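Beneath this line is the structure, given in C-alpha cells, with notes to follow.
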Amino acid sequence: MSDIFRIELLPARHGDCLLLEYGDAARPHRVLIDGGPIGAYGALSQRLAALPADQRELELLVITHVDGDHIEGCLKLLNHRELATFRDIWFNGWPHIAQPLKEPPPPRPGATGTTGAIGAIGAAGTMGAMGGLAAAEANAQRSALQGSMISVRIEDRQWNAAFQGAPIFVPAIGPLPVRELPGGLRLTLLSPTLEKLEKLRAAWDRALDRAELDATDDAALSARLEGRAAFRSGGLRRRPKPEEMLSSAALALGPIDNAVANGSSIAVIAEYQDRRIALLGDAHAPTLTAALRRLAGAAGEPRLRLDAVKMAHHGSAANLSEDLLSRIDCKTWLVSTDGSIFNHPDDEAIHTVVRNVPGVRLLFNYRSVRTAPWDDPALRAAHGHEAIYPADAAAGLSLDLMTGRPT
C-alpha cells in the first residue's frame, strides 16, 4: 500500500491541535502537536478513540508552549493513557528552563549533517542545547501554572528524550537541530532560541512567586490541576474596510508580538519523502525569519520550498512579516482557529499572504465570521487566491501532503 503524509487541523476552537500521520496508510506513524483549549478536548478525545486500539502509541507529542489554547487539552489527555501514549514528549518545562542555560560548543570545523533534503542542511542527532506573557499578568500566571502542572501529568514518560532530556532550542550558530522519528519523518527546529527561554524562565518564576507555589511541589500542583478549565478574554481589532481588503496596497501588520510564552514556542519543519510543512506554533516572526534564512542558505535555495505552512499564532498580524514571507516559497497556508476569544485570523495577516503569494490556497479549519470573507468572489477575483473550508463544521480540516488535496 502507498505511503501517506497528512496533517489534520482538528476543530480546536481558538487553539491548535494538529495530528500528523505518515508512512504505511494501513498503519501510519503519528505525531500530535498541542491539544487545544479544554473546551475542544472532546474533538481530540473522539479522534484518538477512533484509532484502532493497537495504534494508540504515537511517536511524539509536541507541546509547543505554555498557553491555554495549546496546552489544556494535553493536561487532560496525559491523564488518559487508554486514548494515547507517546514514545517521546517535547516540551520546555520548568525542570529544563530552571537550570543554567547556555549555548552548545561551536560545531567542529568540517562537521556535516546527515544527508537527504532538509536533513542535509541540519545536524541530525545534534542537541539543540544543554543545559511574555508581557500582556496580561493574569494570563502569565495561568500559563506558568499550567506549564508546571504538565510535569505532574508527564510523570514517568519520556520527556525531551530526543534532546537527551535537555532544553529544546535553536543554537545561535551552526546547523539547525534535526531529529528523525521512526518511520522516516524528519523534524527541523526553527524556534525557540536560548534568549526566548531565558525570558520565559524569568516570567515563569515571577508567576510562581505570585501564586506562592513551588514548581517542584507535585502535590500542590496536582491539587490546582483537578477541576481546572479555561477561559481567556481579548480585545477587538478594527477590521479593514472592504475597499482596503480589495486593494493591492499593503495593510499594516504591527505591532510585533512580544508575548514571552509565544516567543518560547517550539516550531518545526516536518519532512517526509521530500514533502515539507512548517508548523509554526505561536512563534515570533523575527525568530522564524532568522531560522529560515539559515536553512535556505545552507540548502542553496533563495527561498525555502515548502508544501504547506501552518500560520503562526492562528494568523495573527503580530506574528507575520513580509521579510518572513520572502524566505518561503509556498502556495498553501493553513489557519487553525474559529475566531473566538482573540478574533483571529487578522485580516491584515491574510491580506499580506494573498498579496505576496500569487495563487495561494488558504485552508481554514472553520468557516467563521473571521474567515468567511476571504471566500467573497470580489476578494478572490482581486487577489487570485482560493479559500477552502471544512465540509463538516465539526470535523476540522485535513491536507494530504502527498497529493496536495484537502479533505
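The values are calculated or read from the model by the stated rules, or taken from the named source; none is laboratory data. Not measured: the values here are computed from a predicted model. Positions of Cβ are backbone-derived with ideal geometry, glycine not excepted, and every protein chain shown enters the neighbour counts. To get the accessible areas, we keep the full protein, side chains included, count just its heavy atoms, and leave off ligands, DNA and RNA. Shrake-Rupley method; radii C 1.70, N 1.55, O 1.52, S 1.80 Å.
Listed values, structure above:
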{"read-out": "Arg305/Glu155 FRET efficiency (R0 41 Å; Cβ-Cβ; nearest 0.05)", "value": "0.50"}
{"read-out": "Two-decimal ratio, segment 12-83, of alpha-carbon radius of gyration to 2.2 N^0.38 Å", "value": "1.05"}
{"read-out": "Residue pairs, from the table Lys199/Lys310; Lys76/Lys199; Lys199/Lys241; Lys76/Lys102, whose Cα atoms sit over 29 Å apart", "value": "Lys199/Lys241; Lys76/Lys102"}
{"read-out": "Qualifying aspartates and glutamates (Cα of each under 14 Å from Cα of Lys196; at least 8 residues distant if same chain)", "value": "Glu103, Asp257, Asp282"}
{"read-out": "Summed side-chain charge close to Gln164 - residues other than Gln164 whose Cβ falls under 12 Å, Lys, Arg +1, Asp, Glu -1", "value": "0"}
{"read-out": "Alpha-carbon centroid distance for the pair segment 336-395 / segment 29-45, whole angstrom", "value": "22"}
{"read-out": "Average accessible surface area per residue within segment 275-407, 1.4 Å rolling probe, Å²", "value": "33"}
{"read-out": "Using distinct alpha-carbon pairs, which all enter the 1/r mean, Kirkwood radius of segment 145-193 in Å", "value": "12.7"}
{"read-out": "Label-point separation in nm, Arg27 to Glu195, each point 7 Å along Cα→Cβ", "value": "4.7"}
{"read-out": "Solvent-accessible surface (1.4 angstrom probe) belonging to Arg367, in square angstrom, nearest 10", "value": "130"}
{"read-out": "Assigned charges on the beta-carbon of Lys, Arg, Asp, Glu; segment 242-293 dipole about Cα centre (debye)", "value": "240"}
{"read-out": "Computed E for Arg108/Arg293 - FRET, C-beta separation, R0 25 angstrom, nearest 0.05", "value": "0.60"}
{"read-out": "For Leu190, distant residues with modelled amide H under 5 Å away", "value": "Ala267, Val268, Ile269"}
{"read-out": "Nearest-10 value in Å² for the accessible area of His383, using the 1.4 Å probe", "value": "30"}
{"read-out": "Cα→Cβ-extended label distance, 7 Å offset, between Leu51 and His80, nm", "value": "1.3"}
